[in-house]
Amino acid sequence: MGRKPLEVDKIVMDLIMTDDSGLKKKLAKKISDIAYKKGIYTSSIHEFYITRGKGEFSGFTVPAINLRSMTYDLARAIFRVAKKNNSGAFIFEIAKSEMGYTAQPPVEFTAVVLAASIKEGYSGPVFIQGDHFQANAKKFQEDPDKELKGLQDLIADAAGAGFYNIDIDSSTLVDLSKKDIKKQQKNNYEVCAKLTQFIRRIEPKGITVSVGGEIGEVGHQNSTPEDLRAFMEGFKERLRKGLVGISKISIQTGTSHGGVVKADGSIAEVKLDFNTLNTLSGIAQKEYGLGGAVQHGASTLPEEMFHKFPENNTVEVHLATGFQNMMLDSKNFPVDLKNKMYDWLKVNAANEKKEGETDEQFFYKARKKALGPFKKDIMGLPEELRDKIAAEIEAKFDFLFKQLNAVNNRSLVDKYVILKRVIVRKRQEGNEVVHDGEGAD
């Protein structure tokens, strides 16, 4: 007899609500064990992307969705959309920074997504991704070894929790003061190569973690073919021979994370360079065997833009802030809770308000910082309210899947993703990592 869905609901809510890290891990293991028995397991999209880069298939863009709040409800909505549209290639992700301000450590994020899959009866590979595992330029300058060690610890923790897709963001280390483009990219490609080598050393047997690189920090100047080639040539030189490299490359084309908010709280129009996306994706595929180029900071773009991503050979698009906005601005989100969150921001994020900034601009940019402190309040809302909010966002998910043409590709995933059910017990106090390689190609 299978476990009743109601029991999964209780386990996942207990997991979200507890502050006890030991209990959190026990509850996460309960969920992963149920998922394993139902043929649900976290996987890498590496082989899928490399195959795409070879021209075996094309015509759609993979949505990578950051879930900052109501993760269980919204992951369920995504799985419903995937089943409705026969979709297999979609990614759940959370950035290094988001783990902190949303209070979602890797072990919790993975377990909540798997619980959503169980609840919605979705089986097969589930792609969990660490987004923007980012090097801090100032800290790197002060102590590069310490900054690298911190990123390695984060990667090990995430991989141990089933994050088999990791986006390294060392684009923050690009030095535009240098005249030579390769010298501009030097710290970027060297750090990316070192962290890729670390990932290859710790990844579970039978899994090739999908690693993403980044050449242009989002919000800065647009990437060029010269940037891409300088990064890739340096990366190949620094990567130890025989090791598998990256599967995709993130570039800058004119967007910014969260969008640019105007004084009245509305989002400024963005001019996105699709030609850059198309050109650099083609170079990444033809010259370096990658899946293609990735677009960040896209969720707040106008709806009429999204069909252009698959038309311009974009392998993956990252979507985050727009869903947070839909949740917080929903007519079903309690006004009193929102006001409590804003009052908290006035005290705890006051130093983030810039001179001349309106309250609307301040709250728009800062309110994500309240998601962690108020996580329990949000998840403690009546289920019928959360269902109504999730239904609004589910419609947006469905729209985006269709615009990105990320539909009817489940058979491609089944064909090209190497399916391995891998149980990984984290290395603790010198204990070995245990792998169960049972599964099918």
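Computed quantities for the displayed model
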quantity	calculated
Whichever lysines have a C-alpha closer than 27 Å to that of residue 354, once near sequence neighbours (fewer than 8 apart) are set aside	96, 138, 139, 262, 271, 338, 340, 346, 365, 368, 369, 375
Size of electric dipole in segment 161-232: Cβ of Lys, Arg +1 and of Asp, Glu -1, about Cα centre, debye, nearest 20	340
Reachable lysines, given that their alpha-carbon falls under 16 Å from the alpha-carbon of residue 236 and they are not under 8 places away in the same chain	182, 183, 186, 194, 248, 286
Under 5 Å, built H, 5+ apart or other chain: amide partners of residue 169	133, 134, 135
Test item: Cα-centred dipole of the chain, Lys/Arg +1 and Asp/Glu -1 on Cβ, debye	1000
Hz values of 3J(HN,Hα) by residue in segment 306-313 - Karplus curve (6.51, -1.76, 1.60), Gly and Pro given as x	5, 5, 6, 5, x, 5, 10, 6
Inter-site label distance for residue 149 and residue 376 at 7 Å from Cα along Cβ, in nm	3.4
Amide hydrogen neighbours beyond the local backbone of residue 40, cut-off 5 Å, H modeled	124
Per-residue HN-Hα couplings for segment 58-66 [Karplus 6.51, -1.76, 1.60; θ = phi - 60°; Hz; x = Gly/Pro]	6, x, 9, 10, 7, x, 10, 10, 7
Label-point separation, residue 351 to residue 141 (7 Å along Cα→Cβ), nm	1.9
Percent antiparallel among DSSP beta bridges (both partners in segment 5-416, rounded to 5)	5
Rounded Å value of the spacing that divides the Cα centres of segment 13-83 and segment 289-367	21
Relative contact order of segment 5-416, pairs being alpha-carbon contacts under 8 Å that are 6 or more residues apart, as %	22
5 angstrom amide H check on residue 250, placed H, neighbours 5+ away	213, 214, 215, 294
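Rule-based calculations on the coordinates, nothing more; no lab input. Computed from a predicted model, the values in this text were never measured in an experiment. Cβ: placed from backbone, ideal geometry, glycine included. Neighbour counts: every protein chain shown.
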